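Report on the structure given below.
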Amino acid sequence: MGLPGLLAENGQIAVDVFAEARQRISLVLLDMTMPAMNGEETLRRLQRIEPGVRVILTSGYDESEAMVRFEGAGLAGFIQKPYTASRLIERVRKIFESGSEPGA
């Protein structure tokens with residue numbers, strides 16, 4: 001059985017979907033580079049809707065470079081592309097097991 005998920009093809013749609021369904025969303029997997037709205041702006045808008053939203057940033061950029069751009073942004077984690085499904089599941093599991101709050 002797969003995990004239920006909601007998809008958005010760009011940042012603006014992601015914000016709209018999150019605003020409508022935030023009670024059902026436990027975690028957001030956010031790409032740093034997207035059409036219509038980049039990851040930084042999308043993250044800010046998601047946090048305006050729900051300040052405690054858990055977000056894992058994903059990018060082809062090096063983690064240290066990406067984290068500098070998002071320093072202090074309250075991310076729950078980072079996963080570098082390309083990644084496997086098992087690596088993503090492991091990262092998500094660690095976030096929920098640790099009770100990671102944004103910025104922790």
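The values are calculated or read from the model by the stated rules, or taken from the named source; none is laboratory data. Everything numeric here is computed off the predicted structure, so don't read it as measured data. Neighbour counts are summed over all protein chains in view; Cβ atoms, including those assigned to glycine, are modelled from backbone coordinates with ideal geometry.
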If I go through the range 13-26 residue by residue, how many of them are at pLDDT 95 or above and of a type in the set (S, T, N, Q)?
0
How many residues does the range 1-18 hold that are part of a helix (DSSP H, G or I) and within 14 Å of residue 43 (Cβ to Cβ)?
5
Of the listed residues (92, 53), the one being in a helix (DSSP H, G or I), in contact (Cβ under 8 Å) with a residue 12 or more places away in the chain and among the β-branched types (Val, Ile, Thr) is 92
Of those in the range 81-104 that are touching a strand residue (DSSP E or B) at 6+ places or on another chain (Cβ under 9 Å) and within 24 Å of residue 17 (Cα to Cα), the residue surrounded by the fewest Cβ atoms within 10 Å (Cβ to Cβ) is 81
Here the residues within the range 28-50 that are touching a Gly at 6+ places or on another chain (Cβ under 8 Å) and outside any helix (DSSP H, G or I) are 30, 31, 32, 33, 34, 35, 36, 37, 38
Say whether the condition of being surrounded by 13 or more Cβ atoms within 10 Å (Cβ to Cβ), of a type in the set (Asp, Glu) and modelled with pLDDT of 90 or more is met by at least one residue in the range 27-34.
yes
Answer with yes or no whether residue 15 is hydrophobic (A, V, I, L, M, F, W, C) and within 20 Å of residue 99 (Cα to Cα).
no
Any residue at all in the range 5-19 that is touching a residue at least 24 places away in the same chain (Cβ under 8 Å), within 15 Å of residue 76 (Cβ to Cβ) and of a type in the set (S, T, N, Q)?
no
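Specify which of the listed residues (91, 54) is among the charged types (D, E, K, R) and within 11 Å of the chain's Cα centre (by Cα). Spell out the reasoning first.
Values: 91 fails: within 11 Å of the chain's Cα centre (by Cα).
Of 91, 54, the one residue that is among the charged types (D, E, K, R) and within 11 Å of the chain's Cα centre (by Cα) is 54.
Among the residues of the range 65-97, write down those that are at pLDDT 85 or above and among the small types (Gly, Ala, Ser).
Here is the first cut: in the range 65-97, the ones at pLDDT 85 or above are 73-97.
Within the range 65-97, 73, 74, 76, 77, 85, 86 qualify.
Scan the range 47-80 for residues that are under 24 Å from residue 17 (Cβ atoms) and aliphatic (A, V, I, L, M) and jot them down.
Just the residues of the range 47-80 that are under 24 Å from residue 17 (Cβ atoms), to begin with: 47-60, 66, 69-70, 73-79.
49, 53, 55, 56, 57, 66, 73, 75, 76, 79 - these are the residues of the range 47-80 that are under 24 Å from residue 17 (Cβ atoms) and aliphatic (A, V, I, L, M).
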Within the range 56-78, considering residues that are in contact (Cβ under 8 Å) with a residue 24 or more places away in the chain, touching a strand residue (DSSP E or B) at 6+ places or on another chain (Cβ under 6 Å) and part of a strand (DSSP E or B), the one surrounded by the most Cβ atoms within 10 Å (Cβ to Cβ)
57
